[in-house]
Each structure stands twice: as C-alpha cells, then as structure tokens.
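Reviewing the structure listed below.
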Amino acid sequence: MSNLSAIILAAGKGTRMNSERAKVTFSLAEKPIIQRVVNTALKANCSKIYVVVGYQKESVIGSLHEDSRLIFVEQPEQLGTGHAVMMVEPVFSEREEDVFILCGDVPLLKPETLKKLYNEHCTSSASCTILTSIMDNPGNYGRILRNASGEITGIVEFKDASEEQKAIKEWNTGIYCFKAGDMFDALKQISSTNNQNEYYLTDVVSVLAKQGKKISSVILDNPIEAAGVNSQEQLAELEDLFIAEICRYWLNNGVVIHNPRTVYIGEEVAIETDVEIGQNSIILGKSELRKGAYIGPNCYIEDTVLCDNSLLEGYNILVNAHIPEGHILEFGEKTIEDLDYE
C-alpha cells in the first residue's frame, strides 16, 4: 500500500449541463466522467480514493465500478471546495499521508501528470504542490500569486481578483498534492468571507505560505488535460479530442485510417500493423484487429477478433465475433454473438 491518497470533488450538480443528472455521471467515450478520474488516480498509485458526493449521490456512486479502495463522503450542502475537503477529515485515516485533490469533472488528466506532480512534491519536500498552467488569457480561472522571488504566496479566485491580478497569465488548474495534516490544519483557518460566500480550498495555499511552509508547483504542458466539463458542448469537444488522440496514435503506429475524423476507436482496442480502416467505422470494447486486416466503410465492430488478413467489404456488423485468418465477409453481412468461426 502506498502512502498516497486522493480526494475527488464530485458533489456539484453542473447547472450549465441543463439536465437533472449529476454532471460527473455523463459519459465521455463510453465511461462516466467520474470513472475516468478514479481510474487516473488508481494509475497514479493512490491506495485510497475519497469521493465527495452530494447532488444525486446514489447515481454518482452507482456510476462507479465497485472497488474496495473507494470511500464515499457526503457533502450535504455545497459550500465550496474547501468545505468539501473538510467533510473528508473525520474519515481520513493517516494525517502523515500525501493526498491529491482532483476535480470529478476533469476527465482527460493523465496519470503521468499526477506522477510528475507527486515527484516534485516529494523532491521539494513541499507542504503543497500545485498544478498550474500558463495561457495568454486564462479566462475565469484563479490566478497564481508569487512574490518578487518567484515563490507562490497564494491563489486568488477570478471573481475576487483585482484588474492587476486578472492580468496574470499563470492559472490554477484546481489539482494539488498536499501533506494531509498540513492541509486539514490550514482548512480550520479559512473563512467564507468572499464574493461567493464559500470556503475556498485555494485559501489554504496562502495560509500555508504565511506559516513559512514550502509551496511548490508544476506547470502543465497541455492545458486540455485540466479542462473541465461544464456544458454538453464542452463534453462533446473533449470527447472529440480524446478519440482524435487515439486515432492519431494508431496512424503513427502503422495503421491506415481513411477520413479519421469519421472513425471512432475505443481506448481498449488493440490494432496490429498494416490494418486498414474505412471511413465511418466504429470499433469498440476489447476488439483485436490483427495484421493485415481490412475493414471497409461503415462497419460496427464490438468485442471482436479479426485475424490476419481478414476482410470486411463494408456495412458489416460484428459483435462478440471471431473472424478467421483470410476470411471475407461480404458487403452488409452481420455476425452477432457468433463464435462458430472458432
């Protein structure tokens, strides 16, 4: 067991989704947003994950795969990010642990980024390490405050920022690594006296800085990793980026994809070299496309194995199928729940 945990903030509704569903239960590329965040934390070697739930908590809990490492904590009233983390303290077992703070609506964050953040946190012996990013116009994100020596002194939320502070280009992604004990002690010193009347987790940073504790940071190279889902439009945009990255990977690993913007390949699909995929095709689940397989246009393939040099002429539907080496499926032929080829 590692001495690293994560707290995932997932209590909000997400009003801009214009839906009665909890925002984090919406799917991005076949998995709920919150499941993707949990998976990232697990791949970053977190031994326990505290999921803060509130709005439609049962649906949020039900959207996640059962896992003994998950601990659910209720935030009955949504009084800010700091308040959400306060709810975890009574059940947080080890104050000496390090803990990530993650956002339940940020699905594209990579485990490698969290590992880089944790490495900096450990090597710098920081009390808090912040994942930041730099943009010419950071919009409504909180700004990172530094002193003349370049040391982080705090974070100011956009709604509370002065015009001078709004001009700062370094912004807060909302992703942190804390020494748990320091974090929980500092939370007791913050207040809700601000424009939102909320307890900001960001205020913990200035508390720690005033105590002389080390505040470190890592700059995120690709800001898309920290992009949150706040609307159906943003969800669609992030899904497009996610699928495009998968296609780009296979295009650079010996696979021909015609009109790749029209092709959907799931993240668990395995593809060998010299496979050719026609436009408008969908390939899902644990499908395997072996060397030299050809997929014509407009095919739907799910949990299927296409052996070497097999050929689909087009408009084929395959679900739980096994197509032998060199076999040809004629135009429009379907094979569903059919394993006879084995």
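Residues considered: PRO297, PRO260. Of these, the only one that is buried (at least 18 other Cβ atoms within 10 Å of the Cβ), at pLDDT 95 or above and under 13 Å from LEU312 (Cβ atoms) is PRO297. Taking every residue in segment 254-278 that is touching a residue at least 40 places away in the same chain (Cβ under 8 Å) and pairing it with any residue that is surrounded by fewer than 16 Cβ atoms within 10 Å (Cβ to Cβ) and part of a loop (DSSP other than H, G, I, E, B), at least 6 positions away or on another chain, the pairs with Cβ-Cβ distances below 9 Å are GLY266/GLU30; GLY266/GLY285; GLY266/LYS286; GLU267/GLU30.
Within segment 198-252, the set of residues being of a type in the set (S, T, N, Q), surrounded by fewer than 18 Cβ atoms within 10 Å (Cβ to Cβ) and within 28 Å of LYS179 (Cβ to Cβ) comprises GLN211, ASN222. Which condition from (1) outside any loop (DSSP other than H, G, I, E, B); (2) touching a residue at least 24 places away in the same chain (Cβ under 8 Å); (3) of a type in the set (Ser, Thr, Tyr) is the one that TYR249 breaks? So TYR249 meets the others, but not (2). Might you check whether a residue that is within 16 Å of GLN75 (Cα to Cα) and not assigned by TED's automatic domain parsing to the domain that holds GLY285 occurs anywhere in segment 29-50? Within segment 29-50, one or more residues are within 16 Å of GLN75 (Cα to Cα) and not assigned by TED's automatic domain parsing to the domain that holds GLY285. Can you confirm whether segment 198-219 contains a residue that is out of contact with any Ser or Thr (no Cβ under 7 Å at 6 or more places or on another chain), assigned to a loop (DSSP other than H, G, I, E, B) and more than 26 Å from VAL24 (Cβ to Cβ)? For segment 198-219, residues out of contact with any Ser or Thr (no Cβ under 7 Å at 6 or more places or on another chain), assigned to a loop (DSSP other than H, G, I, E, B) and more than 26 Å from VAL24 (Cβ to Cβ): present.
Per the conditions (1) in a loop (DSSP other than H, G, I, E, B); (2) without any contact (Cβ under 8 Å) to a residue 12 or more places away in the chain, the sole criterion not satisfied by ARG21 is (2).
Kindly indicate the residue of segment 263-273 that is under 19 Å from the mean Cα position of the chain (by Cα) and acidic (Asp, Glu) and also surrounded by the fewest Cβ atoms within 10 Å (Cβ to Cβ) among those meeting that condition.
Of all residues in segment 263-273, those under 19 Å from the mean Cα position of the chain (by Cα) come to 265-268.
Next cut, acidic (Asp, Glu) only: 267-268.
On the way: GLU267: 14, GLU268: 11.
Here the answer is GLU268.
Each row is one residue, and each column tells you yes or no for (1) at positive phi; (2) surrounded by 23 or more Cβ atoms within 10 Å (Cβ to Cβ); (3) in contact with a strand residue (DSSP E or B) (Cβ under 9 Å, 6 or more places away or on another chain).
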{"site": "ALA6", "(1), (2), (3)": "no, yes, yes"}
{"site": "SER19", "(1), (2), (3)": "no, no, no"}
{"site": "VAL24", "(1), (2), (3)": "no, yes, yes"}
{"site": "GLU77", "(1), (2), (3)": "no, no, no"}
{"site": "GLU94", "(1), (2), (3)": "no, no, yes"}
{"site": "VAL99", "(1), (2), (3)": "no, yes, yes"}
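Among the residues of segment 74-82, is there at least one that is out of contact with any His (no Cβ under 8 Å at 6 or more places or on another chain) and either within 23 Å of ASP240 (Cβ to Cβ) or assigned to a helix (DSSP H, G or I) (or both)? Yes - at least one qualifying residue is present in segment 74-82.
Which residue pairs have Cβ atoms closer than 7 Å, lie 6 or more positions apart in sequence or on different chains, and pair a first residue in segment 184-198 that is closer than 13 Å to CYS128 by Cβ with a second residue that is small (Gly, Ala, Ser) and surrounded by 14 or more Cβ atoms within 10 Å (Cβ to Cβ)? Short answer, once both residue conditions are applied: LEU187/GLY82.
The values are calculated or read from the model by the stated rules, or taken from the named source; none is laboratory data. Because the structure is predicted, anything quoted here is derived from the model rather than measured. Cβ: placed from backbone, ideal geometry, glycine included. Neighbour counts: every protein chain shown.
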